[in-house]
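Let me begin by presenting the structure, written as structure tokens, before commenting on it.
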Amino acid sequence: MDGRCWIVGAGDWCAEGWSPQAGDLVIAADGGQAPLSQLGAMADVVVGDFDSLREAPRGGEIVRLPAEKDDTDMVAALRLGLARGYRDFRLYGAAGGRIDHTIANLQALGFLARQGARGVLVEARYKLTTLWNGEMRFRAESRGLLSVFAQCGEARGVDLEGLKYEQHGFTLREDYPMGVSNEFTGILARVAVREGMLLVAWEHTAFAEGI
């Protein structure tokens with residue numbers, strides 16, 4: 001599937017980069033239809049147990065979930081997008097609000113990576129993604145802050161190039177935040193991990209290639 005799956009949760013809304021195109025799929029995870037309604041838009045699919053809504057929204061496809069379940073509404077929406085062939089995901093309304101759901105949504109980025117997909121969580125100041133045994137690059141005009149965190153255990157063979165604090169082949173552990181608050185320097189930057197997962201966060205003033 002060449003399109004992109006846009007998922008909107010019930011957290012804080014940020015419109016940065018919001019631009020669904022023909023062939024994309026827009027899914028509202030439960031209360032995520034509320035910010036879409038304010039934009040005058042309607043999700044293609046609404047997924048959830050609707051515990052944050054008085055009633056299920058009208059129009060579009062409705063996927064009703066039981067109140068007691070293993071998956072959050074956001075993860076259920078991700079599974080639906082994967083089942084329909086999408087491998088490029090944007091998560092909006094996925095931070096702010098309940099801290100437990102914010103953490104769950106950050107973990108969900110790792111879930112997507114293991115499915116061979118890429119998710120980018122967009123919040124008020126940052127974009128975040130999971131990098132698994134791979135690399136990503138940022139354009140030279142990028143500025144602001146970048147932070148990296150080990151996700152799901154140790155991240156080994158981590159390279160940070162073209163940043164204020166460069167590192168080569170080092171190991172990050174998930175119990176120590178060594179990778180916080182690096183800075184872009186006006187040249188091409190590269191983040192890579194040889195083995196493991198990195199949670200990468202960068203300000204909207206930076207520009208990741210291919211994202």
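The values are calculated or read from the model by the stated rules, or taken from the named source; none is laboratory data. Source: prediction; values computed, not measured. Cβ sites come from the backbone with ideal geometry, for glycine too, and all protein chains shown count toward neighbours.
What the table shows:
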item: Residue satisfying all of: in the stretch 119-134; assigned to a strand (DSSP E or B) and without any contact (Cβ under 8 Å) to a residue 60 or more places away in the chain; nearest to the chain's Cα centre (by Cα) among these; result: LEU121
item: Restricting the stretch 1-43 to residues that are among the acidic types (Asp, Glu) and assigned to a loop (DSSP other than H, G, I, E, B), the residue that is modelled with the lowest pLDDT; result: ASP2
item: Filter result for GLY48 (farther than 20 Å from ALA201 by Cα and modelled with pLDDT under 95); result: yes
item: Residues of the stretch 110-132 satisfying the condition of being under 20 Å from TYR176 (Cα atoms) and out of contact with any Cys (no Cβ under 7 Å at 6 or more places or on another chain); result: LEU128, THR129, THR130, LEU131, TRP132
item: Odd one out for LEU78 among (1) among the hydrophobic types (A, V, I, L, M, F, W, C); (2) crowded, with 23+ Cβ neighbours inside 10 Å; (3) in a loop (DSSP other than H, G, I, E, B); result: (3)
item: Failed condition for VAL47, given (1) over 15 Å from the mean Cα position of the chain (by Cα); (2) part of a loop (DSSP other than H, G, I, E, B); (3) surrounded by 17 or more Cβ atoms within 10 Å (Cβ to Cβ); result: (2)
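Condition check ((1) outside the structural domain of PHE89 (by TED's automatic domain parsing); (2) part of a loop (DSSP other than H, G, I, E, B); (3) modelled with pLDDT of 95 or more; (4) more than 19 Å from ARG90 (Cα to Cα)) across all residues:
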{"residue": "ALA108", "(1), (2), (3), (4)": "no, no, yes, no"}
{"residue": "MET136", "(1), (2), (3), (4)": "yes, no, yes, no"}
{"residue": "ALA140", "(1), (2), (3), (4)": "yes, yes, yes, yes"}
{"residue": "CYS152", "(1), (2), (3), (4)": "yes, no, no, yes"}
{"residue": "TYR165", "(1), (2), (3), (4)": "yes, yes, yes, yes"}
